[in-house]
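What follows is a set of notes on a single structure, which appears directly below.
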Ligand code: T4K
C-alpha cells in the first residue's frame with residue numbers, strides 16, 4: 001500500500017546496490033550474437049551496410065517521419081544539421097539543456113543567443129524568441145527537454161515571420177507524438193540521440209529526421225567526409241556514420257522500446273501517487289495525454305522554502321542511500337565559462353531558467369526498477385524533509 005500521510009515518516013534503509021538514474025534496455029545476448037554472426041559473415045562493418053539500411057526503414061515507420069539519416073552520435077548529428085541548413089551568425093537557443101546543444105553552435109562558429117524558458121514546460125519560451133532576433137539571426141535551436149514538446153506552433157510562426165530555420169534537439173523525445181504526428185516531423189530538422197542512457201539506444205548513436213527529403217543528399221554527404229562518389233568530394237564533411245554493430249543493436253532494441261515505455265509509465269504513476277501531497281515537491285508532468293510521451297525522465301522540482309531542504313541537500317542525501325539522482329540540467333549553459341560573457345547569458349535575461357535550475361531533480365527511472373523500489377525512493381525523499389515542512 002502506498003504511503004498517503006503527509007507527516008508519517010517511514011524508517012528507510014539504503015539500497016545495497018546503487019540505483020542509477022537509468023539503465024539501458026538490452027536485448028538477449030544470444031539474439032544479438034545472431035545479428036553479429038550475419039555481420040561477421042558479410043564482413044560489412046560500416047558505410048551504409050544492410051543493417052543500416054533496414055534500421056533506417058524501421059525508424060522512419062516507428063518515428064512517423066518522412067526521412068532520416070543515421071549518425072554515430074547525437075552531437076555530430078546536430079553539428080551536421082546546422083551545417084546542412086547553412087546556419088551562421090546567431091542562433092536562438094535555450095540555456096536549460098545538456099552541453100551538446102549550445103556547443104554544436106560553437107563548433108559551427110555560430111553565437112548562441114540564450115532565450116529564457118517557459119516555467120511550465122521548461123522549454124524555450126516561444127513568446128520571448130522574437131525579442132532576441134537581430135539581423136544576424138539565422139535560426140532557432142530548441143530542445144524538447146525531458147521529452148516534453150516545445151510550443152512547435154508558436155516557434156514555427158516566429159520562424160516564418162522572420163525567415164528563420166528551426167532545428168529541434170529531441171534527444172529525450174524518442175517516439176513522442178503530437179496529434180499522431182511524430183515529433184521528428186516538426187521544424188526543418190530534428191535530432192534524436194541514441195545514447196545508452198536514452199529510452200531507445202544503439203550504445204552510442206543518433207539520427208536526423210526531416211520533412212524536406214531534398215535535404216538527404218547534403219546531410220549524407222556531410223556525414224561521410226563530403227564524398228559524393230569516388231571521383232568527387234563536394235563539401236568539407238565529417239565522419240558521422242553509424243556502423244553495422246550499432247544498427248543491428250538498434251534493430252533489436254527497437255522491438256523492446258514500447259514495452260520499456262509502458263513499464264516506465266507504470267513507475268511514473270507510482271512516483272506521482274507517492275509524491276502527490278508533499279509540500280514543496282512538484283511532479284513535472286511530461287505533458288497531457290494529447291501526445292505520446294517518451295517517459296525518458298521522471299522529474300521533480302523542490303521548493304526549498306516549503307520542503308525545508310534544498311534540491312542540493314536532497315541530491316546529496318540520496319547518495320547516502322545509494323540512490324544516484326541527477327541534477328539535469330545544472331549548470332545552465334549560460335553559466336559555462338565559454339558562454340557566461342555573452343550578453344544573453346545575464347541572469348536578468350534568464351530569470352525562469354535560473355530559478356528552475358536550482359529546483360529540478362531527475363529521479364531513477366527505468367523498466368528494471370520495481371514499484372517497491374520507487375516507493376522506497378519516495379519514502380527516502382519524505383524522510384529528507386526539513387523541520388519547517390513537517
Ligand atoms: N542534446 C541533449 C538535450 C542531450 O541530453 C544530449 C545527451 C545530447 C544532445 C547529445 O547526444 P549524444 O551525443 O550523447 O548522443 C548522459 C549521456 O552521455 C548523454 O547522452 C545525455 N544527453 C545526458 C543527458 O546524459 P551523463 O554524463 O549524465 O552520463 P553518465 O555516464 O553519468 O550516465 C548516467 C547514468 O546512466 C550512470 O550513472 C549509469 C547509467 N549508465 C550510463 C551508461 C553510459 C548505464 O547504466 N550504462 C551506460 O552505458 O550524460
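Each value in this text was obtained by applying a stated rule to the coordinates, not by laboratory testing. Treat the numbers as computed from the prediction; the structure is a model and nothing was measured. Note that we place each Cβ from the backbone using ideal geometry, even for glycine, and neighbour counts take in every protein chain shown.
Per-structure values
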read-out: Backbone N under 16 Å from the residue 20 label point (7 Å along Cα→Cβ), restricted to the stretch 174-206; value: 194-205
read-out: Cα principal axis extents for the stretch 187-272, largest first, Å; value: 58, 30, 17
read-out: Square roots of 5 times each gyration tensor eigenvalue, C-alpha, the stretch 308-377, largest first, Å; value: 31, 12, 10
read-out: Spacing of the two label points (7 Å from each Cα toward its C-beta) at residue 282 and residue 196, in nm; value: 3.5 nm
read-out: 222 nm mean residue ellipticity, helices alone, for the chain (DSSP H n ≥ 4; -39,500 (n - 2.57); rounded to 500); value: -11000 deg cm²/dmol
read-out: 0 to 90° range, to nearest 10: angle between helix 50-63 axis and the chain longest Cα axis; value: 50 degrees
read-out: Pair-distance profile P(r), taking every C-alpha pair of the stretch 29-254, with 5 angstrom steps and integer %; value: 1, 7, 15, 19, 20, 15, 11, 6, 3, 2, 1, 0
read-out: Stretch gain in nm, segment residue 352-residue 157, where the contour uses 0.36 nm per residue and the Cα spacing is subtracted; value: 67.9 nm
read-out: Cut-off 17 Å (backbone N to label point 7 Å along Cα→Cβ of residue 225), residues of the stretch 53-76; value: 72
read-out: Globularity index of the chain, i.e. its alpha-carbon radius of gyration over 2.2 N^0.38 Å; value: 1.02
read-out: Proportion of all alpha-carbon pairs of the stretch 252-351 beyond 15 Å (%); value: 74 percent
read-out: The chain: most fluctuating residue of 263, 319, 327 per GNM, C-alpha cutoff 10 Å; value: 319
read-out: Rounded FRET efficiency, nearest 0.05, which uses the C-beta distance separating residue 327 from residue 211 and R0 of 41 Å; value: 0.70
read-out: Gain upon complete extension [residue 306, residue 62; 0.36 nm per residue less C-alpha separation]; value: 83.6 nm
read-out: Approximate spin-label separation residue 266-residue 131, in nm, with each point projected 7 Å along Cα-to-Cβ; value: 4.7 nm
read-out: Helix axis angle, 244-274 relative to the chain longest principal axis, alpha carbon, degrees; value: 20 degrees
